[in-house]
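Inspection log for the structure reproduced underneath, given as structure tokens.
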């Protein structure tokens, strides 16, 4: 057989192509962005109408342009673009296309920045009126001051309709727009129908009194029902060519649930950006945008409507980052509105209130503070400590001996920053800044809980299935909480059930289920807000004192002593389990597996100053040190994770067993350390000392465990503090909680315990400040561990080179065959 020269060329070409492809170190498909712009459709055909939709959400009165300076680099960046930039961009878009509509997904006011909040949000409503906002969804924060306030102040002051199709019971609200949560506006001969809905979580987000006369129906179902009416051909219920839903609900969790009658959605509520064209519930394309929050982004959706076919097509859907916008030309007179508001609020807001020695930040999802309410934060903890101090010094309830402060993360609306925001100087907190952190003006209240009720309250921080699956409370500095750690490295807060609350220490002592503690917080939280239903029916004492005034007074009480953030954690998690040493299932008698999480904060600067590694010691013998995994959990509390096997030396110190039902235990100390070696949190692990038990002694099992008494396996238990201030043993009735689920019936109950931290080993002073673990200005580190080479495109070259060598070999063999056949011919 003779190979034709043409085939030889083709074979060689194929071989070369395979070789080059295999040798190429770059992936064929780059990783998708977290926020993908919609794939543009074909250019609008002749005779169609192009409609541009602009959207904002969760503005919260951030109308001033503000900047921040990175202390390590000296670079200044825009923090809030402000209303002037927003108006400038809207004006430019309208000039480019007269068929442009401007909308909001709610929360334009409420929980606002000081410049707006101190003036009852009038400047924000005036600015939006000046920009001719076309329509808005009702947000939960429009109800912060109750239904009457919405009906008599906010609705009359807004020249745009505020829509809530899934809320009934308020005649003024139902009358907004065209009625029943719908508003229709015509542009370019196209009737665009807007349907507004508010989050299904509304009952947990506002005071119960605000909802007493209202009825709430599911948001997505209500939107789909209204959309169907707008496209059913019946003029009696209003008709629209294009339907746009304004949904004050998280985009990622609802985007694909809208029907074929919905063409576009502007979402909000969770402060998380989103921009995609998704496939709806009936296979239909829907443009969905969530424009971040605080005016940081302007959502843009472009639609094309064909009047002949009555078909709407998505052209694009994206978010424009207004923080990088250079558009600052005044439009609609908004600059004057903002300037006047800044003047009116400046006098009071510029007054120095207190000094701080570090930042107090909200939780981060890895991108910056504020996006993660599921993690512990130094800002929430500071406010909770101010509540405890107020309760212990100003109130002093009769007969109470234990006081605890708690703070809901959603009530903390900004960070307390060390860097100056104006001329006040670094480290000076102004009254305006403090006001912006707590803008709601909730009344202070307190109630008495049992230890069991406090445990339930802490369990209700986990709310699977909600838009925010975890809401981590801030706790005062005299509280230590230990939960069961997850042993699943793929743990995700979205679906996670509440872990067992293993132990609660107050003032360094365990809180038994039957003990009582007085809890101080804002009236919203103590009425069961944010889903903490255990508080809903508790008798509460309201005081008439505003929560922000309590925090302000607390900060001011330190005078010239700067208050600094402490980086020990109030809420941590630990699990200790058996180690199997044979295929037959035998368990080690002196080695246990230890998993800890929730050991670190989530912001880069706090991670630099906070826990970096774990040290394990038995007496004066150091057994191991290991770095923490600081990968940020974006929705939950588990940032700062570590696992290891712990083998107890035979000469490990012994003590009376704290929770294992045995006389004597060997124990080891587990400590988290910052970069300087300062101890931040302490834990202990213990196992029964078999040698001390003596012949015939009954082997103890863990509390609630069904292990065979003769099974000589390692038995860990909740350890406690050493020396003065330590907790008592099981005789005081403070048995450890039995972890829920996951353990076989014959598996020993093993675990780990928290020890009172330095901040809570004794009753703190009434206004004791959190102790600093790091100074401001320390070099920031990126959230999460440093990237390695395996994270980039070149990670794939190992496999690619192997395939390349094979292809090259095939090429050589093919060439030799061709040469041989040519010689034979």
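The numbers here are math on the coordinates, done by the rules we state, and not lab data. Since the model is a prediction, treat every value here as computed from it, not as a measurement. Backbone-built Cβ (ideal geometry, glycine too); neighbour counts: all protein chains shown.
Computed values, structure above
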read-out	value
Pairwise label distance in nanometres, residue 396 with residue 73, each label 7 Å out on the Cα-Cβ vector	5.2
Relative contact order computed over segment 585-665 (Cα-Cα under 8 Å; 6+ residues apart), in percent	33
Ordering of 610-623, 339-352 by packing [mean C-beta count within 10 Å, highest first]	610-623, 339-352
Ascending count of other beta-carbon atoms within 10 Å, so fewest first, for 504, 56	504, 56
Most to least packed among 668-675, 235-242, 324-331 [average Cβ atoms within 10 Å]	668-675, 235-242, 324-331
17 Å cut-off, amide nitrogen to a point 7 angstrom out along residue 590 Cα→Cβ, residues in segment 613-649	617-624, 645-649
Gyration tensor over alpha-carbon atoms, segment 159-267, equivalent ellipsoid semi-axes in Å	23, 16, 11
Protection proxy ranking of 98-104, 586-592 - average other beta-carbon atoms within 10 Å, highest first	98-104, 586-592
Label point distance in nm, residue 329-residue 542, each placed 7 Å from Cα along Cα→Cβ	5.1
Distance cut-off 23 Å, percentage of C-alpha pairs in segment 47-196 lying past it	41
Stretchable slack from residue 675 to residue 310, in nm (0.36 nm times residue separation minus alpha-carbon distance)	125.0 nm
Volume of the Cα convex hull of segment 62-129, divided per residue and given in Å³	112
Order of 641, 94 - criterion: other Cβ atoms within 10 Å of each residue's Cβ, fewest first	94, 641
Centroid-to-centroid separation of segment 262-325 and segment 130-201 [C-alpha atoms, Å]	20
Distance in nm between pseudo-label sites at residue 281 and residue 350 (7 Å out along the Cβ direction from Cα)	5.4
Proxy reagent accessibility, fewest Cβ within 10 Å first, across 90, 192, 167	90, 167, 192
